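These notes are about the structure you will find just below.
Where a number appears in this text, it was derived from the coordinates with a stated rule and is not lab data. Just so we're clear, the structure is a prediction, and the values are computed from it rather than from any experiment. Reconstructed Cβ throughout: ideal geometry from the backbone, glycine too, with neighbour counts over all protein chains shown.
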Amino acid sequence: MNSEISNSSLKETLEPVELRLAQSEKAGKAAELSLALQITQHEKAISSLRWELDAVRSEPKLHDVVAELEERTREMDQLLQSKCAEIEDYDDRILEQVNSLAVPSHKLTL
């Protein structure tokens, strides 16, 4: 009889423990699922950020672009000055030729 009471007492004690165990297992599975979803979201976010970072890194740096444009502008200025000098020299030669052919009293000047 004493063993029956002990057995009954153990069963009564075990029932709430088993209930708490089932609840804990259910909460554990829910936490695992939530964690798996969070991991997936974080992986997507990290992937997106890496893609953006690669895009930013692949763009030329503004400083480099400005320096290149300044250099090209200097080159074009030098070319323009050279061409202007050539045109002025050409104009001077043409004017000399025209003056050498013209009547001495009607010489042209610019």
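Tell me yes or no: at least one residue of the range 20-38 is assigned to a loop (DSSP other than H, G, I, E, B) and surrounded by 10 or more Cβ atoms within 10 Å (Cβ to Cβ).
Here is the first cut: in the range 20-38, the ones assigned to a loop (DSSP other than H, G, I, E, B) are none.
No - not one qualifying residue is present in the range 20-38.
Quick one: in the range 56-90, of everything that is surrounded by 10 or more Cβ atoms within 10 Å (Cβ to Cβ) and among the hydroxyl-bearing types (Ser, Thr, Tyr), which residue is nearest to the chain's Cα centre (by Cα)?
Filtering the range 56-90 for residues that are surrounded by 10 or more Cβ atoms within 10 Å (Cβ to Cβ) and among the hydroxyl-bearing types (Ser, Thr, Tyr), the one nearest to the chain's Cα centre (by Cα) comes out as Thr73.
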